[in-house]
Amino acid sequence: MALRRTRRRAPEPLAPIIYRWDLDKTYLKSEFDSLRGLIRVPFEKPQDKVAVPGVAPLIRSLREVAVDAQRPVRIYFMSASPPQIAKAIKQKLAMDGIEYDGIVFKNQLQHLMRGKFRNLREHVGFKLTELLKSRQHMPAESREVLFGDDWESDPIIYSLYADMLAGGIATDNLDGILGPIGVDRRLVALAKELAAAVVPADVVQRIFINIERRTPPKDFRAFGPRLVPSFNYFQTAACLFEEGHLTLPAVAAVAESLIGGSGYSPARLANSLADVVRRGHLRPASAMTLRGYLQTRKLLPEHAPDGVRPSLWERLKRRLQPQVSTAPASPEAINYETLIAHWRAAR
Amino acid sequence: MPTIAVDAMGGDFAPEEIVNGVAQASLSTEIQCILVGDESQIQALLNDVAYNPEHIRIHHTRDFIGMAADPKTSVRQKRHASILVAARLVADGQADAVVTAGNTGAAVLACAQHFKTIRGVRKAALASVYPRQTEYPGQDQLALLLDVGATIRCDATELVQFALMGSAYARGVSKVPSPRVALLNMGTEETKGGDALVHAYRRLKTISGINFVGNIEGNDLAKGKADVIVCEGLLGNVVLKLLEGLADVVVDLAGTAARENWRWKLGLMMLASGFGRLRDLTDYAAYGGAPVLGFEHLLIKSHGRSTARAILNAIKVAAKAVRDGVTREISTAIDQL
């Protein structure tokens, strides 16, 4: 009888992971709401710039966890702000201990010189082409997680980018999608050219949108379950934990920074965790794991909020009766023409 | 910051308006709210509006007591009705006060079932607020009338206790340092109204911590002579319903007149801004609700037709009363009797 030798196979290396971050309203609490704030932004010193609560420890943890798992990781930032403020931004990121692999700004001066005034406010073309350009230099097997906000068009830009990489949008259709938004024709042509060079692969794992403008969650349903609208970075961290991007201590680090540095209470975090479960973006089992760990670290209230426990009959009835669905819509192809019209009408 | 348990399923426009009101409170205040009701219905409604989840907890229960249901039977049969669960959350220390726009009888019974009565208080009172003229600067636009239905008949001691409770509440919530307290009677003289009212008058006159201004008659209710008007539940309820009925009649008459005569219509149109201001002053949504007094915890009862704005204001009133320690104030006042 021949001896069968069992050869232990080396574990397959993890695919590189790329985290792409928008800057204003996603990383920084930029004051674009008023003319005064808009004028002040270019003159702000790095120490005057304020990060959105919890974002810095979250990004630091994303890199640390990937490095510990020996997974290649890259972090990129993208901003529609002009490069003139790059120095202050870079200093701010250094102050926050953020290591990154690239940062891109929008050359507003170029548009001014060319008399393309509409391009000053139109960011879809700029961001989409920059994302596609950057993708060309990434390993084909690399996966991406994208972070933006609800202030302008990040949900549309990121979803378009994800579907273009996945081959879900024919390049010929781009005119019909980008044209009505007012994207410069040259940028549309560039986007088509870059998209044609893409080897189709479903590489965007998740899109996180920071609900900075308090947009109602239903406005994001049409983007499908890939897009997660989150009210704070604790919710984002919880979802990233479920998908293996963060460890329990890393989520705790985000929670600690929110409680220690931003006036959050354990009760507020507990409410946030329950909310993201109810909206269908986090499985109850993951929430339970997180709750157990964070309670031992005193970052969530010691007792579960269900102090008045429903009767057995009530719990049984609850299981049997049909529930109103609050989860995001099923992953269907996004109708961008309709979606863009609705999204922009709501802005 | 206080935590307010809100009965999501109580009210003519529940749960939509209740959930919207809590969503508004979550954005504009730091008050923590516990929405008590059907979790999936509540979350589906929250998904449609702007809200801050950090300030909202949902406590699931599917049962509720309808506006037209018999309170006694319903409270006995539906142990997990939203109003009862909300009161239980307060009794357990998970919340500080309750807000409900639901069945009034059930709300009072929920308090009686789950809250302890303040030591020395013989009967709880249901209060209501209504708009009236003001007589001095800083006087609240709204007067507090109690009891409007928690009791039927009362003796002198109970009326005195109502006066003390109403005065403490008005001091805390209206910020009137020394609210004028009066007994509702059939004449202003001390000897009018029968034994209970006469004895109550004489005792109130001797209590130093209260600004007792004597008896007032029905025709003075709409004037600013008193900030707190005390009466037994049967009378208070009749007065309250009469005021509401009159308001409906006035609106109805104006509408009829406008339809029948173009000159009247023109006149009403010219007075539109004045009517608008009057409506703002008398809008129940602006004051949110009125308390059930006499228990160690507070319940704010909003109008059955409460909109989101009314619920938002009721939550603010409840939080304010909790912050100002209104029940503690009442307890101190009763102790001094």
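The values are calculated or read from the model by the stated rules, or taken from the named source; none is laboratory data. Please read these numbers as outputs of a predicted model, since none were measured by experiment. Note: ideal-geometry Cβ built from the backbone for every residue, glycine included; neighbour counts use all protein chains shown.
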Exercise. Just for the stretch A:169-189: of the residues that are in contact with a helix residue (DSSP H, G or I) (Cβ under 8 Å, 6 or more places away or on another chain) and not in a helix (DSSP H, G or I), which one is nearest to A:His123 (Cα to Cα)?
Worked result: A:Val183
For this session: Search the stretch A:240-251 for residues that are closer than 10 Å to A:Leu58 by Cβ and pair each with any residue that is of a type in the set (Phe, Trp, Tyr) when their beta-carbon atoms are under 7 Å apart and the residues are at least 6 apart or on different chains.
Result: A:Val251/A:Phe241
Exercise. Do we find a residue being under 25 Å from A:Ile75 (Cβ atoms) and within 14 Å of chain B (Cβ to nearest Cβ) anywhere in the stretch A:198-210?
Worked result: yes
Problem set entry | Scope the stretch A:139-194; condition within 27 Å of A:Ser30 (Cα to Cα) and among the polar types (S, T, N, Q); matching residues | A:Ser153, A:Ser159
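Would you pick out the residues in the stretch B:52-78 that are acidic (Asp, Glu) and either in a strand (DSSP E or B) or within 7 Å of chain A (Cβ to nearest Cβ) (or both)?
Scanning the stretch B:52-78 gives a single hit, B:Glu54.
Yes or no: B:Ile34 closer than 16 Å to B:Ala95 by Cα and assigned by TED's automatic domain parsing to the domain that holds B:Ile65?
Values: closer than 16 Å to B:Ala95 by Cα: yes; assigned by TED's automatic domain parsing to the domain that holds B:Ile65: yes.
Criteria met by B:Ile34.
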Problem set entry | Positions within the stretch B:39-66 being surrounded by fewer than 21 Cβ atoms within 10 Å (Cβ to Cβ) and of a type in the set (A, V, I, L, M, F, W, C), in sequence order | B:Ala44, B:Val49, B:Ala50
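The rows are residues; the columns are (1) touching a strand residue (DSSP E or B) at 6+ places or on another chain (Cβ under 9 Å); (2) at pLDDT 95 or above; (3) outside the structural domain of A:Gln205 (by TED's automatic domain parsing).
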{"site": "A:Ala253", "(1), (2), (3)": "no, yes, yes"}
{"site": "A:Gly261", "(1), (2), (3)": "no, no, yes"}
{"site": "A:Ser272", "(1), (2), (3)": "yes, yes, yes"}
{"site": "A:Asp275", "(1), (2), (3)": "yes, yes, yes"}
{"site": "A:Arg297", "(1), (2), (3)": "no, yes, yes"}
{"site": "A:Leu300", "(1), (2), (3)": "no, yes, yes"}
{"site": "A:Arg309", "(1), (2), (3)": "no, no, yes"}
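Return the only residue of B:Gly93, B:Gly120 being surrounded by fewer than 24 Cβ atoms within 10 Å (Cβ to Cβ), within 14 Å of chain A (Cβ to nearest Cβ) and more than 29 Å from B:Glu16 (Cβ to Cβ). Write out each step before concluding.
Details: B:Gly120 fails: within 14 Å of chain A (Cβ to nearest Cβ).
Only one candidate qualifies: B:Gly93.
Can we say B:Ala44 is touching a residue at least 60 places away in the same chain (Cβ under 8 Å), within 11 Å of chain A (Cβ to nearest Cβ) and part of a helix (DSSP H, G or I)? Give the steps one after another, and end with the answer.
On the way: touching a residue at least 60 places away in the same chain (Cβ under 8 Å): no; within 11 Å of chain A (Cβ to nearest Cβ): yes; part of a helix (DSSP H, G or I): yes.
The answer is no for B:Ala44.
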Exercise. Can you name every residue in the stretch B:176-216 that is surrounded by fewer than 20 Cβ atoms within 10 Å (Cβ to Cβ), in contact (Cβ under 8 Å) with a residue 24 or more places away in the chain and either outside the structural domain of B:Glu232 (by TED's automatic domain parsing) or assigned to a loop (DSSP other than H, G, I, E, B) (or both)?
Worked result: B:Val176, B:Ser178, B:Met186, B:Gly187, B:Thr188, B:Glu189, B:Glu190, B:Ile207, B:Gly209
For this session: List the number of the failed condition for B:Val85; all other conditions in (1) of a type in the set (Val, Ile, Thr); (2) touching a strand residue (DSSP E or B) at 6+ places or on another chain (Cβ under 6 Å); (3) closer than 27 Å to B:Thr332 by Cβ hold.
Result: (3)
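Can you tell me which residue among B:Tyr169, B:Tyr136, B:Tyr130 is closer than 13 Å to B:Val230 by Cβ and aromatic (Phe, Trp, Tyr)?
Details: B:Tyr136 fails: closer than 13 Å to B:Val230 by Cβ; B:Tyr130 fails: closer than 13 Å to B:Val230 by Cβ.
When all the criteria are applied, what remains is B:Tyr169.
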For this session: Kindly establish whether B:Lys265 is assigned by TED's automatic domain parsing to the domain that holds B:Gln139 and within 24 Å of B:Lys123 (Cβ to Cβ).
Result: no
Exercise. Restricting attention to the stretch A:258-283, which residues are within 19 Å of the chain's Cα centre (by Cα) and in contact (Cβ under 8 Å) with a residue 60 or more places away in the chain?
Worked result: A:Leu258, A:Arg279
For this session: Check the stretch B:99-122 and report whether any residue there is at pLDDT below 95, on the phi > 0 side of the Ramachandran plot and not basic (Lys, Arg).
Result: yes
